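Quick notes on the structure that follows.
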Amino acid sequence: MKLYKIFSLSFNNTSLALLLGLATLTSCEDKLDLVNPNQQTSGTYGFSADDLEENVIAAYNHIRMEGTYARVGYMLDVCRGDEVWNSSQVWYMPFDDLNAPVTDEIGMWSWRDWYYTINVTNFTLSRCGEDNSQLSEAMKRIKGQMLFLRGLAYYNLAGYYQNPILITDYSTYSTLDGLYGTNSSYDEVWDQVEKDFQEAMTLLPTRDAGGEWAKGRATSGAAAGFYARALMMRHKYSEALTVLKAIIGGQYGQYKLMANYGDNFREGPAYENNDESLFEVQYLDYGSQGVDDEWTPVNTSPNATQGHAIESNFGPGDCGGWADLSASPWLYGLFKQERTTSGSLDPRLYWTIGTYELEWDGFEYGNVCYTLPLTADAPMVTNNNNGGLPVAKHTNLRTGLYDKVITGLHCGINLRIMRYSDVLLRAAECENEVNGPTQQAIDWINQVRNRAGLASLKQSDFNTKDKLFEQIANVERPKEFGCEFGRGFDLIRWGFFYSNDRLAQIKQHGTFRRSADRSRVKEAVDYSQIGIDEELKSSFDTWKPGHEFLPIYQGTLNDNPNLKGNSANESTSNADYFSSNGWTIHPVVNL
């Protein structure tokens, strides 16, 4: 389902009224029972399924904004992972260095835009009632989608800001006291995320039952997948395993790995919303969009673009990109360590990192960066001043469609936010935590490896739970999901910031070279040489305790006297919280 901008003005006015805290004002007298369709309020709008369907479309549109998934909201998590570094050394710099100040407004954009989403979902849910048994099938789908999208909003807010304001009751907006809420605890927010996803699972159809309707929409499978993710954020592995097994067993629809890994990163109806996709953010293919880049949250231009700017951030400068972010040398080296059973390179490298490799001649679109031929003598770098290995994912670098980056909000490749391969690897992780190491965990991992042509792992090679975890966390997941949204969430839930050996490990992973010498772009780097080799740096050297989260913007704190900062505002450690829950930080194991 490609989500065109078909808002009614009535919804926009309702949304604006909510934000201003004026939603409950009504006319003093009604001499004529007429409603201007362009000036409706919460008192006149949203009492039919048709009205609420417009809200559904509006809510989906809000997850495609600057601060949600269209650019910054996606990239902030990519930056805090160990698979990507800031090759521009300017844009995103404080977030890549994990020491963003409270005065950096960019860090507020995700807060702002996810609360826009919450605003829409809360209004819609207020019209759905509490008794789901009384709802029509249409209303069940509406309510289920709103619960999913609100859960998704708070999933991101908790993962970024730790203790945001939890607002779930639309009536909260009726008073200023309600609008100026206080922080909720980390656990309170995750409790609500779990609740929303779990209820959405019961209301939404499977992708199979939903048919054409389900393409691009949240289904019970999407809700189940994110429910498992939420459970894993607080190490509820046994509960998550039950859900993941049900997804694998087809209870929430039939999913399978695409035979071609690259089909997850191309645009067009032949590839998007495919059999591997549990949920993806919808963007119009390039050429079918408008021309107005709208970077503000208003998004009202009838000629607005309906693409994302992930490609612009990843795109090499020589191809018109902004040259901001590059793949880490560690990730590239990881791909090069293991070949397929036929002796070739892992095909996921082709779709993850835009390097010249002799073996890519004749593979897919060959050795190209957009339509520019790559050669061994002229490697492509992301940034002309600082080098960097170009990221290919969610760009057209390898699709053969375009000759350059169309910068701005123009890329039409849907962002696959959850794929079936994630279900398999998460199931393996949970199985290992609960029962491991087991053959069942190995079998799920092997499904993902075999799709890439890699040899199956053997249980006999993994004699401890710690060793299998190491394989999942630092081999299988990076190669399958390298440079995608989610690695920062993983590092937090695994506790890698709270263990000296794990912190040393991600410092090594995050080491990179800043050099204009293109011949050095593929070189391995060593953290121990930082300070000796002036071109080397590690993003994690500047991490401060608590800054695995983003600080709550000072301007937001100034506007709301009831709101307090989080661990990033105060630079306080979260290690005690992690250990007090009895959660395990696996020691580093040499594979």
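The values are calculated or read from the model by the stated rules, or taken from the named source; none is laboratory data. Predicted model only: the values in this text are computed from it and were never measured. When we count neighbours, we look across all protein chains shown, and the Cβ atoms used for this are built from the backbone with ideal geometry, even at glycine. Accessible surface areas use protein heavy atoms only, side chains included; no ligands, DNA or RNA. Shrake-Rupley method; radii C 1.70, N 1.55, O 1.52, S 1.80 Å.
Take Asp293 and decide whether it is within 23 Å of the chain's Cα centre (by Cα) and either surrounded by fewer than 20 Cβ atoms within 10 Å (Cβ to Cβ) or not basic (Lys, Arg) (or both).
Yes: the conditions hold for Asp293.
Grab the helices (runs of 4 or more DSSP H) fully contained in the stretch 381-500, keeping just those with 1 or more residues being within 30 Å of Trp322 (Cβ to Cβ) and either in contact with a strand residue (DSSP E or B) (Cβ under 9 Å, 6 or more places away or on another chain) or open to solvent by less than 10 Å² (accessible area, probe 1.4 Å) (or both).
Ranges flagged: 420-435, 477-481, 487-494.
Within the stretch 118-156, can you find the residues that are in contact (Cβ under 8 Å) with a residue 40 or more places away in the chain and of a type in the set (D, E, K, R)?
Answer for the stretch 118-156, where residues must be in contact (Cβ under 8 Å) with a residue 40 or more places away in the chain and of a type in the set (D, E, K, R): Arg127, Lys140, Arg141, Lys143, Arg150.
For Ala240, indicate whether it is of a type in the set (A, V, I, L, M, F, W, C), buried (at least 22 other Cβ atoms within 10 Å of the Cβ), closer than 30 Å to Lys507 by Cβ and over 16 Å from the mean Cα position of the chain (by Cα).
So Ala240 passes the test.
Would you mind finding the one in Leu147, Leu157 that is assigned to a helix (DSSP H, G or I), under 16 Å from the mean Cα position of the chain (by Cα) and aliphatic (A, V, I, L, M)?
Leu157
On the basis of being at pLDDT 95 or above and not acidic (Asp, Glu), does Ala327 make the cut?
Yes: the conditions hold for Ala327.
If we keep just the residues of the stretch 273-320 that are assigned to a strand (DSSP E or B) and aliphatic (A, V, I, L, M), which is nearest to Met258 (Cα to Cα)?
Out of the qualifying residues, it is Leu278.
Condition check ((1) in contact with a Gly (Cβ under 8 Å, 6 or more places away or on another chain); (2) among the hydrophobic types (A, V, I, L, M, F, W, C); (3) under 24 Å from Gly343 (Cβ atoms)) across all residues:
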position: Val391; (1), (2), (3): yes, yes, no
position: His394; (1), (2), (3): no, no, no
position: Leu401; (1), (2), (3): no, yes, no
position: Leu424; (1), (2), (3): no, yes, no
position: Ala441; (1), (2), (3): no, yes, no
position: Arg449; (1), (2), (3): no, no, yes
position: Leu457; (1), (2), (3): no, yes, yes
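Looking only at the stretch 102-114, count how many residues are in contact (Cβ under 8 Å) with a residue 40 or more places away in the chain, surrounded by fewer than 23 Cβ atoms within 10 Å (Cβ to Cβ) and assigned to a helix (DSSP H, G or I).
Total meeting the criteria: 5.
Would you point out the residue of the stretch 116-157, among those that are aliphatic (A, V, I, L, M) and open to solvent by 10 Å² or more (accessible area, probe 1.4 Å), that is nearest to Thr168 (Cα to Cα)?
Filtering the stretch 116-157 for residues that are aliphatic (A, V, I, L, M) and open to solvent by 10 Å² or more (accessible area, probe 1.4 Å), the one nearest to Thr168 (Cα to Cα) comes out as Leu125.
Could you grab me the full set of residues in the stretch 324-378 that are in a loop (DSSP other than H, G, I, E, B), open to solvent by 40 Å² or more (accessible area, probe 1.4 Å) and aliphatic (A, V, I, L, M)?
Selection gives Ala376 alone.
Could you list all residues from the stretch 308-322 that are small (Gly, Ala, Ser) and either open to solvent by 10 Å² or more (accessible area, probe 1.4 Å) or in contact with a Cys (Cβ under 8 Å, 6 or more places away or on another chain) (or both)?
Ala309, Ser312, Gly317, Gly320, Gly321
Restricting attention to the stretch 545-565, and to residues there that are among the charged types (D, E, K, R) and surrounded by fewer than 16 Cβ atoms within 10 Å (Cβ to Cβ), which single residue is nearest to Gly488 (Cα to Cα)?
The extreme case among them is Lys564.
Pull up the stretch 40-80, narrow it to residues that are in a loop (DSSP other than H, G, I, E, B) and among the polar types (S, T, N, Q), then point me to the one that is farthest from the chain's Cα centre (by Cα).
Result: Thr44.
Within the stretch 566-591, restricting attention to residues that are open to solvent by 50 Å² or more (accessible area, probe 1.4 Å) and hydroxyl-bearing (Ser, Thr, Tyr), which residue is nearest to Phe497 (Cα to Cα)?
Selected residue: Ser573.
If you go through the stretch 166-188 one residue at a time, how many are in a helix (DSSP H, G or I) and surrounded by fewer than 22 Cβ atoms within 10 Å (Cβ to Cβ)?
Selection size over the stretch 166-188: 11.
Determine which single condition Asn163 fails, assuming it passes every other condition in (1) surrounded by fewer than 17 Cβ atoms within 10 Å (Cβ to Cβ); (2) closer than 22 Å to Leu557 by Cβ.
Among (1) surrounded by fewer than 17 Cβ atoms within 10 Å (Cβ to Cβ); (2) closer than 22 Å to Leu557 by Cβ, the lone unmet condition for Asn163 is (1).
Quick one: would you say Leu257 is touching a helix residue (DSSP H, G or I) at 6+ places or on another chain (Cβ under 9 Å), open to solvent by 10 Å² or more (accessible area, probe 1.4 Å), under 30 Å from Leu454 (Cβ atoms) and touching a residue at least 60 places away in the same chain (Cβ under 8 Å)?
yes
Considering only the stretch 81-101, I want to know if a residue exists there that is modelled with pLDDT of 95 or more, part of a helix (DSSP H, G or I), acidic (Asp, Glu) and surrounded by fewer than 23 Cβ atoms within 10 Å (Cβ to Cβ).
No, every residue in the stretch 81-101 fails to be modelled with pLDDT of 95 or more, part of a helix (DSSP H, G or I), acidic (Asp, Glu) and surrounded by fewer than 23 Cβ atoms within 10 Å (Cβ to Cβ).
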